[in-house]
Amino acid sequence: MEKETSKRIVYVDNNATTSIASEVRDAMMPYFNDKYANPSSMHTFGGCLSKDIEAAREKVARIIGASTQEIVFTSCGTESDNAAIFGTLSSYPDRKHVITTRIEHPAVLICGEYLQRHGYDVTFLSVDSYGRIDPEELTKSMRKDTVLVSIMWANNEVGNIYPIEELGRIVKSFDSVFHVDAVQAAGKIPINLKNSSVDLLSLSGHKLHAPKGVGVLYIKRGTRFRPYIMGGHQERGRRAGTENVPYIVGLGVACELAMKNINDENTRVKSMRDYLEKRILDEIPSAYLNGDPINRLPNTTNISFEFIEGEAILLMLDRAGICASSGSACTSGSLEPSHVLRAMGVPFTRAHGSIRFSLSRYNTMDEMDYILEHLKPAVKRLREMSPGVESFAK
Ligand code: PLP
């Protein structure tokens, strides 16, 4: 990807956020100009926008195999996660046990920690060294008073994909509510909620080439849910607030594009990711893959470069215009190793030196070579500069 500036930008931080697709931007533009009415207004002008929202709702519903009545627009993935959790708990005030995992995004994890301090018993499921969840541990953790289980579909840091249907069957056999954070999964892998055991599911626009500031909460028909944001009657009383029409329309188009490109994600994007990953692991000494090598998002690779700081590598890549990430974007700025890698038991010397490359359909093979060209000397140089680290000849 070339930016207006002369500097080349290679963007491989798509799990943090994605570029807005040109089709999405074009579809949104009229809503910043002529189409400004309030969709709740009685006049025809407002009614037209209300219809546009419904058309977008249909497109969003299609990407997850839901019906339009089950789609609630929110402001982001974090809001969807919070609404799913607190909207469920307030519907079942007598049940006080919640289950989640140690590798959730902070949008869920921090809610779990908050609940622990406010009268709930919260079980955080562990993961193995590949970041995998053991369904048996979930079964053993389920209780009569388990009200909610919240597990992500795909992990933002290492890309692991979890066996949602298998886990969901366990949850439903105990009559608990199942929430799934699908913020990283949507648009990258197929999702079909028809006949599924998922009750609530979160999506976020900016992870699939729509803008930041729009999300979705899927609420399966018949699921008990108290609105988390109260006020007007928008979204059938489930999420108050005047709708963000341009972004909702943009998200509809982004979902359509994602469905159209899902095979591309799974073949072309995956082959670029595999090429980059293989060459890094083959050509850079003491480099280790983090996460599940098999059940993984097609766009993500997380690699530890032992004995050096991930941030130092990122800075050197940044000088060459390469945008990657160490740990999760939301926690970068802190030098604490990632909670996901810690939960997996990744040794300290590796957890500190982890870099996540997350690709999109807008990347090219040439960019993978460009990354390798700059990454290899950066790692070599940093190791040479690290006191006490023997030279790595390879
Ligand atoms: N859940 C996961 C798995 C994520 O990766 C993110 C963002 O990185 C979120 C939730 C939060 O989404 P948003 O940035 O839209 O609030």
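The values are calculated or read from the model by the stated rules, or taken from the named source; none is laboratory data. All values reported here derive from a predicted model rather than from experimental measurement. Cβ placement follows ideal geometry from the backbone for every residue including glycine, while neighbour counts extend to all protein chains displayed.
Here are some residues: Asp264, Asp274, Asp282, Asp292. Which one is within 16 Å of Lys376 (Cβ to Cβ), of a type outside the set (A, V, I, L, M, F, W, C) and out of contact with any helix residue (DSSP H, G or I) (no Cβ under 7 Å at 6 or more places or on another chain)? Quick ask: steps written out before the conclusion?
On the way: Asp264 fails: within 16 Å of Lys376 (Cβ to Cβ); Asp274 fails: within 16 Å of Lys376 (Cβ to Cβ); Asp292 fails: within 16 Å of Lys376 (Cβ to Cβ).
Checking each option against the conditions leaves just Asp282.
Looking only at residues in segment 56-78 that are crowded, with 21+ Cβ neighbours inside 10 Å and more than 21 Å from Pro39 (Cα to Cα), the one that is farthest from the ligand (Cβ to nearest atom) is Ala66. Here Pro285 does not fit the description of being in a loop (DSSP other than H, G, I, E, B), in contact (Cβ under 8 Å) with a residue 60 or more places away in the chain and under 21 Å from the mean Cα position of the chain (by Cα).
Checked against (1) in a loop (DSSP other than H, G, I, E, B); (2) in contact (Cβ under 8 Å) with a residue 24 or more places away in the chain; (3) more than 16 Å from the ligand (Cβ to nearest atom), Ala27 passes all but condition (1). Residues of segment 195-208 that are within 12 Å of the ligand (Cβ to nearest atom) and within 30 Å of Phe174 (Cα to Cα): Leu201, Ser202, Leu203, Ser204. Inside segment 36-55, can you point out the residues that are part of a helix (DSSP H, G or I) and either closer than 26 Å to Ala186 by Cβ or within 16 Å of the ligand (Cβ to nearest atom) (or both)? Residues satisfying the conditions are Leu49, Ser50, Lys51, Asp52, Ile53, Glu54, Ala55.
With respect to Ser22, is the statement that it is surrounded by fewer than 17 Cβ atoms within 10 Å (Cβ to Cβ) and polar (S, T, N, Q) true?
Working: surrounded by fewer than 17 Cβ atoms within 10 Å (Cβ to Cβ): yes; polar (S, T, N, Q): yes.
Judged against the criteria, Ser22 is a match.
Can you name the residue in segment 161-208 that is of a type in the set (D, E, K, R) and over 27 Å from Asn302 (Cβ atoms) and, of all such residues, is surrounded by the fewest Cβ atoms within 10 Å (Cβ to Cβ)?
Filtering segment 161-208 down to residues of a type in the set (D, E, K, R) leaves 165-166, 169, 172, 175, 181, 188, 194, 199, 207.
With the extra rule that they be over 27 Å from Asn302 (Cβ atoms), the set shrinks to 169, 172, 175, 194, 199.
Numbers: Arg169: 14, Lys172: 16, Asp175: 11, Lys194: 8, Asp199: 26.
Within segment 161-208, the match that is surrounded by the fewest Cβ atoms within 10 Å (Cβ to Cβ) is Lys194.
Would you be able to tell me the number of residues in segment 209-228 that are within 16 Å of the ligand (Cβ to nearest atom) and modelled with pLDDT of 95 or more?
At the first step, the residues of segment 209-228 found to be within 16 Å of the ligand (Cβ to nearest atom) are 209-218, 228.
Then drop every residue that is not modelled with pLDDT of 95 or more, which leaves 209-218.
Of the residues in that region, 10 qualify.
Just to be sure, is Asn266 more than 15 Å from the ligand (Cβ to nearest atom), outside any strand (DSSP E or B) and at pLDDT below 95? The answer is yes for Asn266. Just a yes or no: is a residue in segment 116-124 within 13 Å of the ligand (Cβ to nearest atom), part of a loop (DSSP other than H, G, I, E, B) and either in contact (Cβ under 8 Å) with a residue 40 or more places away in the chain or small (Gly, Ala, Ser) (or both)? Within segment 116-124, none of the residues are within 13 Å of the ligand (Cβ to nearest atom), part of a loop (DSSP other than H, G, I, E, B) and either in contact (Cβ under 8 Å) with a residue 40 or more places away in the chain or small (Gly, Ala, Ser) (or both).
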